[in-house]
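The values are calculated or read from the model by the stated rules, or taken from the named source; none is laboratory data. These numbers were taken from a predicted model, which means no experiment stands behind them. Backbone-built Cβ (ideal geometry, glycine too); neighbour counts: all protein chains shown.
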Amino acid sequence: MSAAMHLANGIVKTTASMLSPAATASPILLPSGSSKKESLTKITFKVNHPPSRPQVDDVGVTMYVMGSIQGLGAWDPMRGKRMTRASDGNWELNVYMPSDTEFLYQYTLKDHDGMIVWESSLERKQSTALNSSTLQVHDTISAQEDASCALK
């Protein structure tokens, strides 16, 4: 696989030129072991987690999503997927997962040393449809959920 590069965290980075012409030109993340013949769904995670306490504000922390399937780290905090802070203040991540898949997921915040400083108190559930190419996941961390989590 000369045009693809294996990365850490069990993902393969490939370019759109290796996929169908309808694919975007930006790099994409495929679950390890996926082939371009599988039916994949692009999942866009967006989460609003406003800074609420000095210990877990946006200074020096990064949001991650981890979940029950390999593409989200199989509940291994070291293999969770790093999100980026968008200009609107939300955390975002795009991943590709096999279609017709149900999964659980959860958000965490890690400090600059990779230590989890905050973990969502909820396990959320989603599924990708068999014939859908995209799934938009918009979550908000409520004040109640934020307060019920335990700082590590």
**Q.** Residue satisfying all of: in segment 102-115; at pLDDT below 95 and hydroxyl-bearing (Ser, Thr, Tyr); surrounded by the fewest Cβ atoms within 10 Å (Cβ to Cβ) among these
**A.** THR108
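To keep it simple, each residue is scored yes or no on (1) out of contact with any strand residue (DSSP E or B) (no Cβ under 6 Å at 6 or more places or on another chain); (2) under 14 Å from ILE43 (Cα atoms).
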position	(1), (2)
LEU72	no, yes
ASN131	yes, yes
THR140	no, no
GLU145	yes, no
**Q.** Scope segment 78-101; condition under 12 Å from the mean Cα position of the chain (by Cα) and surrounded by 13 or more Cβ atoms within 10 Å (Cβ to Cβ); matching residues
**A.** ARG79, GLY80, LYS81, MET83, TRP91, GLU92, LEU93, ASN94, VAL95, TYR96, MET97
